[in-house]
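Reviewing the structure listed below.
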């Protein structure tokens, strides 16, 4: 069964995926110049603009959005857990790269690391099995 908590976590990851994916895929230059917004800059400090790579990022995040949406709409937990595995693997590897390659201001770096920890943690939590439900008949008198 897909629990309310799992659905909330899937909705959060879906929002992250759509925010990043739509921006990178359809507005690659502004994504490169201004992502994640809010006065921070995570992308342009890490090398020259490459539209192909920025759009690949957008495509990847939109793919994650698609599987996350399937997990959100499913009645069972399995599709959400599979989405969690994808988010977890990506999140841990993405975090590892940025920890080893600090770029930008201190505020950019700290905020980026916090965001990447949250993203990876959401994936790992989603990949975990749900706790088994205990029915009234299974509880000892």
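The values are calculated or read from the model by the stated rules, or taken from the named source; none is laboratory data. Bear in mind that the values here come from a model prediction, so they are computed numbers and not experimental data. Cβ atoms come from the backbone with ideal geometry, glycine included; neighbour counts cover every protein chain shown.
Regarding the range 32-55, can at least one residue be identified that is assigned to a helix (DSSP H, G or I), within 30 Å of residue 2 (Cα to Cα) and either in contact with a strand residue (DSSP E or B) (Cβ under 8 Å, 6 or more places away or on another chain) or touching a residue at least 60 places away in the same chain (Cβ under 8 Å) (or both)? No, the conditions are met nowhere in the range 32-55. Within the option set 119, 59, being under 18 Å from residue 18 (Cβ atoms), part of a helix (DSSP H, G or I), under 15 Å from the mean Cα position of the chain (by Cα) and at pLDDT below 95 holds for one residue only, 119. The requirement of being outside any loop (DSSP other than H, G, I, E, B), closer than 18 Å to residue 125 by Cβ and modelled with pLDDT under 95 is satisfied by residue 5.
For residue 37, work out the one condition from (1) at negative phi; (2) loosely packed, with under 14 Cβ neighbours inside 10 Å it doesn't fulfil. The single condition residue 37 does not satisfy is (1). Go through the range 73-109 and count every residue that is part of a helix (DSSP H, G or I), touching a residue at least 12 places away in the same chain (Cβ under 8 Å), more than 14 Å from the chain's Cα centre (by Cα) and within 25 Å of residue 1 (Cβ to Cβ). Total satisfying the criteria: 1.
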